[in-house]
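Engineer: Got a structure here, written out as structure tokens. Questions coming.
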Amino acid sequence: MSAASTTMTGYGVSPGLACAPLIRMAPPVVTDPAEAPGDDPAHEVQRVWQALAEVAEQLSAIGASGTGGAILEAGAAMASDVALVQAAARHICDGVPTAHSLTLAVDDYCGQLEGLGGYMAERAADLRDVRNRAVALLLGVPMPGIPRPGHPFILAAEDLSPADTVGLADSDAVGLLTERGGPTSHTAILARSLGLPAVVGCAEAAALPGGTPVILDGRAGTVEAHPTPERRQQALEEQARVRQQRRAHGPGRTADQHAVALLANIGTLGDASRAAQEDNEGVGLFRTEFLFLDRSEPPTIDEQIHAYTQVFTAFEGRAVTVRTLDAGSDKPLPFLRLPPEDNPALGVRGLRTSTVVPGILETQLKALVAAQQRTGVQMRVMAPMVSTVQEAAEFADLARSYGVQTVGIMIEVPAAALLANDLLQHVDFASIGTNDLAQYTLAADRTAHTLAHLLDPWQPALLTLIAQVCSAATALGRPVGLCGEAAADPLLAPVLVGLGVSSLSMATPAVAAVRDALTQLTLQDCKDLAASALCAREPAAARATVLRMSDAFPATASERQEA
Ligand code: PEP
Ligand code: MG
């Protein structure tokens, strides 16, 4: 007798339908404290050293081959940390078996990172990934990673490390299902970058054994286990139909030709060169701090001019919106030597760092203008984490005094959203950062898995603030873009357009699906969706209403004419 069909829900973080058996990620190898220790401690320490060096090399290589480079480079840096070898060496000298010594050393570091909370706690997952890989090498067992069953499958895991997610690109995985994580987790961001349907934060999925047939809907956030043969057939047909659907190209537009610029979010030079080859209208968010994450000394003006020139050259003829250094909290820049804080997300970060590190903003503005003059790119410069009217006015004055022609601010703090009308008087444009705006509006740490439901971009309070910013911008005739993760959701994108957003910036692979979603709706449809989403009091209700309404709109121009 076949098992009864059940449906569970999580967060749909990367749209698309996948129908396949579920395969579980192999659990990490458990090290045995009772294993016989090696005869020669010095040799064992050398083996740990070599294993970690090999892991560092692997992570750098995976990072260089695709998305997630910065995250994987951070893992590679952890694997190369001498302190880790030294900590393992101490256990080896105490007679602990080699592989278990590394486990103990990593557990100790992870405990410290988790104690710090926030961004640092998230790094513990990366360090455990380093441990799992190095232990597999030490014990001569297969490397943890993506299964290779030889047929399409949905990969299920408690959570996925960035390295695992990148390895998916050349596997037969057609979908991703994790028990932990939320809409802004690394897994979600990278899954969208790979264009793989994904549901995260689905705790109930822990009960599904490997081999369970599943239909995963990365848009609705549902996971249907043991679907009936009819449902499977339907889902497979739908999956094939969606894949074959002719994709739109060129500038973003609604069905009635309302323009919505579709832009790329970039951080590293690698991101820039990949994004420049894709069909987008330029860059909506250049996270400049990503260029300098590993620096212990400030980049010189010449280094900055060189880096910015490379990015601008890649996007010649298109617009590039640069964000000045957004340092602190989840993006620490060691060279700024900011004092430790009890609550870094509410501390000296973003634009505020320029008040405690003299000259840093001025040097960056000078370098940006020099690079812009060399390349002739259409450059727009915006400041992160602006909170007050005075900050907006002072930033605009400073940027203009250095020759920046188009100056903007990010709206990521509720105070800025509430006073958008006043802040926007001083600048030429705004860009809404929904990752931080959700964090501060809902008072929920954006890196905390357990708070993912609060960080959901469909939260009515967040949509209400976005609506308020858009109406202030429209009244003043200022363009307002959106560059948080919310922009990459093809179901939410039309709602944002309906609220008044004039451009959407996202990880490059998400652009095509968002473009398709917009071409199927008129501006009035988008406004209707936005009005309904704003009325909902729960994210799930907003999503369900918009899903139902979107499905009811005529899907193509010809259907539209017939209707
Ligand atoms: C945001 O906060 O939404 C944003 C785009 O900035 P970041 O994710 O880099 O903080
Ligand atoms: Mg932000």
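Engineer: Sort 264-275, 12-23, 536-547, 39-50 for me by packing, meaning the mean count of neighbouring Cβ atoms within 10 Å per residue, highest on top.
Structural biologist: Numbers: 264-275: 21.1, 12-23: 24.1, 536-547: 17.1, 39-50: 15.5.
Most protected by this proxy first, the peptides run 12-23, 264-275, 536-547, 39-50.
Engineer: Do the sum for the chain: with -39,500 (n - 2.57) for every DSSP H run of n ≥ 4, divided by all residues, what is the mean residue ellipticity at 222 nm, to the nearest 500 deg cm²/dmol?
Structural biologist: Values: 22 runs with 257 residues, N = 563.
Helices in the chain give a 222 nm mean residue ellipticity of -14000 deg cm²/dmol.
Engineer: Could you work out what % of the accessible surface of the chain is carbon and sulfur, using a 1.4 angstrom probe and leaving DNA, RNA and ligands out of the count? Provide the component values of the computation, followed by the final result.
Structural biologist: Numbers: 12700 of 23250 Å².
Solvent-exposed carbon and sulfur of the chain make up 55 percent of the total.
Engineer: Which one of 379, 215, 447 has its Cα pushed farthest toward the positive end of the charge dipole of the chain, where Lys and Arg give +1 and Asp and Glu give -1 at the Cβ?
Structural biologist: Farthest along the dipole direction, towards plus: 379.
Engineer: Evaluate the charge dipole of region 261-562 about its Cα centre and quote only its size in Debye, nearest 20, assuming +1 on the Cβ of each Lys and Arg and -1 on the Cβ of each Asp and Glu. Don't skip to the end; give the middle numbers.
Structural biologist: Values: 21 positive and 33 negative charges, 59 e Å.
Dipole size: approximately 280 debye.
Engineer: Also, quick follow-up: Classify the chain from the C-alpha gyration tensor, please: rounded if a/c falls under 1.5, else prolate or oblate depending on whether a/b exceeds b/c. Write out the running numbers ahead of the final one.
Structural biologist: On the way: a/c = 1.92, a/b = 1.15, b/c = 1.66.
Oblate.
Engineer: For a quick protection proxy, order the peptides 479-489, 459-469 by their average other-Cβ count within 10 Å, most packed first.
Structural biologist: Values: 479-489: 27.3, 459-469: 20.9.
Output ranking for 479-489, 459-469: 479-489, 459-469.
Engineer: A further question on this structure: Going by average Cβ neighbours within 10 Å, how do the peptides 408-417, 508-517 rank, with the highest at the top? Walk me through the intermediate numbers first.
Structural biologist: Working: 408-417: 24.8, 508-517: 22.2.
Going from most to least packed, we get 408-417, 508-517.
Engineer: I want the antiparallel fraction of DSSP beta bridges within the chain, as a percent rounded to 5.
Structural biologist: Just about 30 percent of them are antiparallel.
Engineer: While we're looking at this one, here's another question. Accessible area per residue for the chain in Å², computed with a 1.4 Å probe and the full protein assembly in place, what is it? Please list the in-between numbers first.
Structural biologist: Working: 23250 Å² over 563 residues.
Normalised by residue count, the accessible surface of the chain is 41 Å².
The values are calculated or read from the model by the stated rules, or taken from the named source; none is laboratory data. Fair warning: this is a prediction, and the values are worked out from it, not measured in the lab. Counting neighbours? That spans all protein chains shown, and the Cβs are built from the backbone with ideal geometry, glycine included. Please note that ligands, DNA and RNA were not included when accessible areas were found on the heavy atoms of the full protein model with its side chains. Shrake-Rupley method; radii C 1.70, N 1.55, O 1.52, S 1.80 Å.
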